[in-house]
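Input: a single structure, listed below in structure tokens.
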Amino acid sequence: MLDAVRYELVRLRSLRSTWVLLATGPVIQFLFALIWATHHDMPVQTRFDNAFLGLFLVLAVLPAVTVGVSSFGHEYRFRTIVTTTLTLRTPTRILGAKAITVALFGAVTGALLVAVTLLADTVGGNPYTDGAAIGQAFVGAIVFAALSCLVGLGVAALCRNSAVALVAMIAFPTIIETLLLLAKVDPALIPFSAAEKLVTTASWTSPLALLGLAVVFLAGSWVTLRRRDA
């Protein structure tokens, strides 16, 4: 498995788009956070929390999700899945290596999002210094970004189309989850919306729905990989 992970890491870091997307998310987050940092009429805690609420975090994580989608989407688009299958041999190694590398990429992105938010607060003139809340934000953002990337990976593996998978990953947390909230569905069962809460509160059960969604899509990916490409 280590060799499989190294194979995926080399593939990931050799693509220029990986580095562009790694930078794009934090830039988006910095701009959002800087807007809130200028609201000096609000408490620093409120400004910091608002930078991660709703669509802000979803949009900032989207570039990392694109990497997860592309991990399989580009394989099928350019037919490199044949080379990957011949190199890594089994669906378990293929999916496992991609899941590990994509989750690591998401985790790094999540950490960077919090770091640039703190930078924006400093630039705005009111540095945020609550150590416990900052630590909570790092944990929450890392978990949210990593799980979001894994869901994107799973969706792309099932549909074998980057564009379709990316549209699905945009539509679900924005349109579908909004409709679910309007329909009075239990908020704890709405994956992305619930998982976001871990950034600002120590609600350790909030990412469970998103974790479950990731597991379902990855399990489906493993089954389809065995049938189509193994």
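The values are calculated or read from the model by the stated rules, or taken from the named source; none is laboratory data. Keep in mind that this is a model prediction, so the values were computed, not measured. Note that we place each Cβ from the backbone using ideal geometry, even for glycine, and neighbour counts take in every protein chain shown. Ligands, DNA and RNA are stripped out before the accessible areas are found, and what is left, the full protein with its side chains, is counted by its heavy atoms. Shrake-Rupley method; radii C 1.70, N 1.55, O 1.52, S 1.80 Å.
Below, the figures for the structure above:
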{"item": "Cα gyration tensor shape of the stretch 168-222, rounded if a/c is under 1.5, else prolate or oblate by comparing a/b with b/c", "result": "oblate"}
{"item": "Percent carbon-and-sulfur accessible area, the chain, ignoring ligands, DNA and RNA, probe 1.4 Å", "result": "72"}
{"item": "Kirkwood Rh (inverse of mean 1/r, distinct Cα pairs), the stretch 1-132, angstrom", "result": "16.3"}
{"item": "Computed accessible area, I170, all protein chains, 1.4 angstrom probe, square angstrom", "result": "70"}
{"item": "Nitroxide proxy distance, nm - points 7 Å out along Cα→Cβ at A23 and T46", "result": "3.6"}
{"item": "Radius of gyration, Dmax [the stretch 126-221; alpha carbons; angstrom]", "result": "14.6, 47"}
{"item": "Square roots of five times the Cα gyration tensor eigenvalues for the stretch 97-147, Å", "result": "25, 11, 5"}
{"item": "Calculated diffusion of the stretch 18-66, Stokes-Einstein form, Kirkwood radius summed over Cα pairs, 37 °C and 0.692 mPa s, µm²/s", "result": "294"}
{"item": "q = 0.13, 0.17, 0.22 Å⁻¹: log10 I(q)/I(0) that the Debye formula gives for the stretch 54-164, counting C-alpha atoms only", "result": "-0.55, -0.79, -1.10"}
{"item": "Label-point separation, R13 to L86 (7 Å along Cα→Cβ), nm", "result": "2.6"}
{"item": "Additional length obtainable on full extension of the chain from A183 to V216, 0.36 nm per residue less Cα span", "result": "9.5 nm"}
{"item": "Accessible-area value, S193, 1.4 Å probe, nucleic acids and ligands omitted, Å²", "result": "30"}
{"item": "Angle between the chain longest axis and helix 131-159 axis [Cα atoms, degrees, rounded to 10]", "result": "30"}
{"item": "Debye log10 I(q)/I(0) at q = 0.14, 0.17 Å⁻¹ for the chain, Cα point scatterers", "result": "-0.85, -1.16"}
{"item": "Normalised alpha carbon radius of gyration of the stretch 152-196 [divisor 2.2 N^0.38 Å]", "result": "1.26"}
{"item": "Dimensionless Rg over Rh [the stretch 4-45; C-alpha; Kirkwood]", "result": "1.33"}
{"item": "Accessible surface, the stretch 182-226, averaged per residue in Å² (probe 1.4 Å)", "result": "52"}
{"item": "Probe 1.4 Å, protein heavy atoms only - accessible area per residue of the stretch 1-151 in square angstrom", "result": "44"}
{"item": "Solvent exposure, largest accessible area first (probe 1.4 Å, DNA, RNA and ligands not counted), of T85, T201", "result": "T201, T85"}
{"item": "Span from the the stretch 1-48 Cα centroid across to the the stretch 164-230 one, whole angstrom", "result": "20"}
{"item": "For M42, solvent-accessible area (1.4 Å; no DNA, RNA or ligand), Å²", "result": "50"}
{"item": "The chain: most fluctuating residue of P191, P127, P63 per GNM, C-alpha cutoff 10 Å", "result": "P127"}
{"item": "Bins of 5 Å, starting at 0 and running to the largest distance - Cα pair percent for the stretch 122-161", "result": "5, 20, 13, 15, 13, 10, 9, 7, 7, 1"}
